[in-house]
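Input: a single structure, listed below in structure tokens.
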Amino acid sequence: MKRLSSQLVNFFLILCICLGLGGCVSTRLSIASSSPWQQVDLNTQANPLDIGFADDNHGFLIGTNRLIRETNDGGKHWGERSLDIQSEENFRLISIDFFEGEGWIAGQPGLVLHTQDAGKSWTRLALGNQLPGEPYLIQTLGANSAELATTAGAVYYTNDGGQTWESKVNEASGGIRDIRRGKNGEYVSVSSLGNFYATLNPSQDYWEPHQRASSKRVQTMGYKPDGSLWMLSRGAEIRFLNKKDDQEENWGKAIIPIVNGYNYLDLAWDPNGSIWAAGGNGTLLFSKDGGDSWETDPVGDVQPTNLIRVLFDGPSQQEKTKGFVLGERGTLLRWVG
């Protein structure tokens, strides 16, 4: 009799725990009645990885397998474009950035391209063995000036159009899986194993390591509009620092909008302040209330591929923000609001 009573108590305890967890996560979310995204046909199986605009209408899309496309209508249509690089080299074009007519492309292996005429012509720079790691992220700072971060966590800058590069850090942070740059020149990187992350402020010449927020390995990190950090971890976890001045170890509770077996791969804020989370197998969710409640986007939901990046970009504050979701196998969604 005592054994039966004990089994009943255990059953009700498990039931209560399951009901409690059910209030935190869900296996289904409501699908929105409409979408601010429109699918664009790139006519390629390569993966788009980044987009940059020289002005409000003229821009470039880059990606794997030497992928480069050009638009003159703000991203509604993309035409093929070639680069003057050897045809036998299968480059992965990973990062592009413009400031007015000055632009840079970073690619792997060992590729940096520079333009001073808004992309009409590109000059390939010879990096040799100057930089540890592979080019990963590039930021245009002004005329002949840029910052370049590598897969080894090295950060370099040039003021002479890429002829010479000076280090901004004493030591590289080691192998990374992702690195992001804030609008004020700060950086956050995630280690290759996702077991810790590191920050680099403009006043520092060294990376400062930090423990991850939980036992879950970190997927990627970035900056909220207010400059504070966000974190995506395995198990479809989203975490935020509540404000920019919070200590890096003082993370909020995990937000798990949906459990569908896929991790989130990127996070971004649209011009209206909604949060967008993109991930595996067409996962595209949004929250209008800071992450308290979420809905599924109907256009993203039917994409049979992984959605890997969400970008919102405007050449200036006065011009309309452009937005894109980048997915594997030539998937591109354009923000139409």
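Where a number appears in this text, it was derived from the coordinates with a stated rule and is not lab data. Source: prediction; values computed, not measured. Neighbour counts run over all protein chains shown; Cβ positions are idealised from the backbone, glycine included.
Viscosity 1.306 mPa s, temperature 10 °C: what is the translational diffusion coefficient of region 85-135 from Stokes-Einstein with a Kirkwood Rh over Cα pairs, rounded to a whole number of µm²/s?
138
Name the shape class, rounded, prolate or oblate, that the alpha-carbon gyration tensor gives for region 79-206, where a ≥ b ≥ c are the square roots of its eigenvalues, rounded holds for a/c under 1.5, and otherwise prolate holds if a/b is larger than b/c and oblate otherwise. It comes out prolate by the Cα gyration axes. Assuming charge only on the beta carbon of Lys and Arg (+1) and of Asp and Glu (-1), the dipole of the chain about its Cα centre is about 1520 debye to the nearest 20. Note on region 31-148: Cα Rg divided by 2.2 N^0.38 Å, N the number of residues, gives 1.10. In sequence order, region 304-313 has phi-based couplings of x, 7, 7, 9, 10, 8, 10, 10, 10, 9 Hz under the Karplus curve 6.51 cos²θ - 1.76 cosθ + 1.60, θ = phi - 60°, and Gly or Pro positions carry x. Between the residues Trp122, Phe99, Asn144, the greatest Cα displacement towards the positive end of the dipole of region 39-171, with unit charges on the Cβ of Lys, Arg, Asp and Glu, is found for Trp122.
Neighbour counts of other C-beta atoms within 10 Å: give me His210, His77, His114 arranged from fewest to most. Could the numbers behind the result be given before it?
On the way: His210 16, His77 13, His114 21.
Neighbour counts put them in this order, fewest first: His77, His210, His114.
Each Lys and Arg Cβ is given +1 and each Asp and Glu Cβ -1; about its Cα centre, region 258-337 then shows a dipole of about 260 debye. By the Cα gyration tensor, region 166-285 has an equivalent ellipsoid whose semi-axes, rounded to whole angstrom, run 24, 16, 13 from largest to smallest.
Sequence-distant contacts, meaning Cα pairs under 8 Å at least 6 residues apart, place the relative contact order of the chain at 15 percent. What the phi angles of region 255-271 give under the Karplus curve with 6.51, -1.76 and 1.60, with θ = phi - 60°, is a coupling list of 9, 10, x, 7, 10, 10, x, 10, 8, 7, 10, 7, 9, 7, 10, 7, x Hz, glycine and proline written as x.
Under a 5 Å amide H cut-off, with hydrogens placed 1.01 Å from N, Lys322 pairs with Asp313, Gly314 among residues at least 5 apart or on other chains. By the count of neighbouring beta-carbon atoms within 10 Å, fewest first, Asp55, Asp41 end up ordered Asp41, Asp55. Taking mean projected area of the Cα convex hull in nm² straight from the coordinates, which label in [x] 17.6; [y] 21.3; [z] 19.8 is the correct one? So the calculated entry is the one marked [z].
How many percent of all Cα-Cα pairs in region 274-337 sit more than 16 Å apart? Walk me through the numbers before you get to the answer.
Values: 954 of 2016 pairs.
It works out to 47 percent of all Cα pairs.
Cut-off 10 angstrom, C-alpha nodes, Gaussian network model of the chain. Which of Glu102, Glu70, Glu89 fluctuates the most? Taking springs between Cα atoms under 10 Å, the residue moving most is Glu89.
Arrange the following residues from fewest to most other Cβ atoms within 10 Å of their Cβ: Thr220, Thr305, Thr164, Thr296. Numbers along the way, then the final one.
Details: Thr220 24, Thr305 14, Thr164 11, Thr296 20.
By the 10 Å Cβ count, ascending: Thr164, Thr305, Thr296, Thr220.
When the chain is described by a simple charge dipole with +1 on each Lys and Arg Cβ and -1 on each Asp and Glu Cβ, the residue from Gln204, Leu307, Gln39 located farthest towards its positive end is Leu307.
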